[in-house]
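Asks: Dropping a structure here in structure tokens format, bear with me for questions.
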Amino acid sequence: MIIQLESPAIQDRPLLFLVDTGAETSLIRKERLENNDHLRINSEKTKILTGFGDNKTHSTIGNVKIPLLLDSDSYFMTFNVIEGIKLNLDIDGILGRNIMTQGGATINCSTNMLEFTRFGIQLPLLSIHTIEPKTRKVLNVTVSPESSDEGILDSVQTNPNMPFHITTNILVKKNPDNTVPLFVTNSSENTMRMFFPRMKLESPTKVLTVSLLKDKEDTDRKSELREHVRLNHLTEDERNRLLQVLFVYNDIFYLPGDKLADLRKKLSFS
């Protein structure tokens, strides 16, 4: 089980932790703390670790207190810092019993949430999926048991900087194991990992009406953009790349008849 947490002290990307109720202490990789003047490792607080599958003991290089954002508040949590220890998953560390106890955390299997009862906060547990380079793949992602037998996944969120294309807003049927198919393309040269919370199938009658209208608007807009852009001087690869940008971000390109916002109301000039 994976959980995603954010820290105001580590802002390049969210932190991914394996939730391990059998681990006495919480761990974080040293490289996630590098080039950070706000977090200082206490090298006097080392710890001997076992149980990494290699029948060896390992020593941490110290511990560090990291502020974690839970809802809108920050709470300082203690992590032991590891270096050169291989973790099986592409994660930043392990969330162990010390933090679980501090937050009064319990795992709610029915909702697939990690509940910090002392803070009154619930955080979704994530499933991990691996997609090979230059591959199209059908992932089976888990939906909540109360979801309809048939519906639309409209809660899939992706990072626009990641080389993924996810096909959404299509009608899918729930499998007996409470999973539904999600169609993903990895266009990069590297093996990528994606993390999903447990999602919910939305009513098709409600979502399809909005989706069909939006798809028609997007299709018309893409066709008009294609007519206005000049591609003769580009190579085939350059044309494909430019059209991909135009189509993905079609709503931000100006077309004749579009109404421009009055920036004078939003910008102050000196």
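The values are calculated or read from the model by the stated rules, or taken from the named source; none is laboratory data. Since we're looking at a predicted model, the values are computed, not measured. Positions of Cβ are backbone-derived with ideal geometry, glycine not excepted, and every protein chain shown enters the neighbour counts. Calculation scope for accessible area: heavy atoms of the full protein, side chains included, ligands and nucleic acids excluded. Shrake-Rupley method; radii C 1.70, N 1.55, O 1.52, S 1.80 Å.
Asks: Looking at Ile107, is it open to solvent by less than 40 Å² (accessible area, probe 1.4 Å), modelled with pLDDT of 90 or more and at negative phi? I'd like the intermediate steps shown before the answer.
Replies: On the way: open to solvent by less than 40 Å² (accessible area, probe 1.4 Å): no; modelled with pLDDT of 90 or more: yes; at negative phi: yes.
Judged against the criteria, Ile107 is not a match.
Asks: Spot the failing condition for Gly93; the list is (1) modelled with pLDDT of 90 or more; (2) surrounded by fewer than 19 Cβ atoms within 10 Å (Cβ to Cβ); (3) within 21 Å of the chain's Cα centre (by Cα), and only one is missed.
Replies: Against the list (1) modelled with pLDDT of 90 or more; (2) surrounded by fewer than 19 Cβ atoms within 10 Å (Cβ to Cβ); (3) within 21 Å of the chain's Cα centre (by Cα), Gly93 comes up short only on (2).
Asks: May I ask you to list the residues in the stretch 9-23 that are part of a loop (DSSP other than H, G, I, E, B) and surrounded by fewer than 12 Cβ atoms within 10 Å (Cβ to Cβ)? If you could, list the steps in order and put the result at the bottom.
Replies: So in the stretch 9-23, the residues part of a loop (DSSP other than H, G, I, E, B) come out as 9, 20-23.
Residue satisfying the conditions is Gly22 alone.
Asks: Now, a different point. For the stretch 238-270: of the residues being modelled with pLDDT of 70 or more and of a type in the set (A, V, I, L, M), which is most open to solvent (accessible area, probe 1.4 Å)?
Replies: Ile252
Asks: In this structure, does Lys86 turn out to be more than 21 Å from Leu125 (Cα to Cα), in contact with a strand residue (DSSP E or B) (Cβ under 9 Å, 6 or more places away or on another chain) and either surrounded by fewer than 18 Cβ atoms within 10 Å (Cβ to Cβ) or not β-branched (Val, Ile, Thr) (or both)? Before the answer, list the steps.
Replies: Numbers: more than 21 Å from Leu125 (Cα to Cα): yes; in contact with a strand residue (DSSP E or B) (Cβ under 9 Å, 6 or more places away or on another chain): no; either surrounded by fewer than 18 Cβ atoms within 10 Å (Cβ to Cβ) or not β-branched (Val, Ile, Thr) (or both): yes.
Criteria not met by Lys86.
Asks: Exactly one of (1) surrounded by fewer than 19 Cβ atoms within 10 Å (Cβ to Cβ); (2) under 24 Å from the mean Cα position of the chain (by Cα); (3) not small (Gly, Ala, Ser) is unmet by Phe116. Its number?
Replies: Only one criterion in (1) surrounded by fewer than 19 Cβ atoms within 10 Å (Cβ to Cβ); (2) under 24 Å from the mean Cα position of the chain (by Cα); (3) not small (Gly, Ala, Ser) is unmet by Phe116, namely (1).
Asks: Next up: Please determine, by comparing only the residues of the stretch 24-67 that are aliphatic (A, V, I, L, M) and out of contact with any Gly (no Cβ under 7 Å at 6 or more places or on another chain), which one is surrounded by the fewest Cβ atoms within 10 Å (Cβ to Cβ). Give the steps one after another, and end with the answer.
Replies: Of the residues in the stretch 24-67, the ones aliphatic (A, V, I, L, M) are 27-28, 33, 39, 41, 48-49, 61, 64, 66.
Restricting the remaining residues to those that are out of contact with any Gly (no Cβ under 7 Å at 6 or more places or on another chain) gives 33, 39, 48-49, 61, 64, 66.
Values: Leu33: 19, Leu39: 18, Ile48: 8, Leu49: 19, Ile61: 17, Val64: 21, Ile66: 25.
The selected residue is Ile48.
Asks: Residues in the stretch 178-220 that are out of contact with any strand residue (DSSP E or B) (no Cβ under 8 Å at 6 or more places or on another chain), modelled with pLDDT of 75 or more and open to solvent by 50 Å² or more (accessible area, probe 1.4 Å): how many?
Replies: Looking only at the stretch 178-220, we keep the residues that are out of contact with any strand residue (DSSP E or B) (no Cβ under 8 Å at 6 or more places or on another chain), and these are 188-190, 205-206, 209-210, 212-220.
Subset that is modelled with pLDDT of 75 or more: 188-190.
Cutting the leftovers down to open to solvent by 50 Å² or more (accessible area, probe 1.4 Å) gives us 189-190.
Of the residues in that region, 2 qualify.
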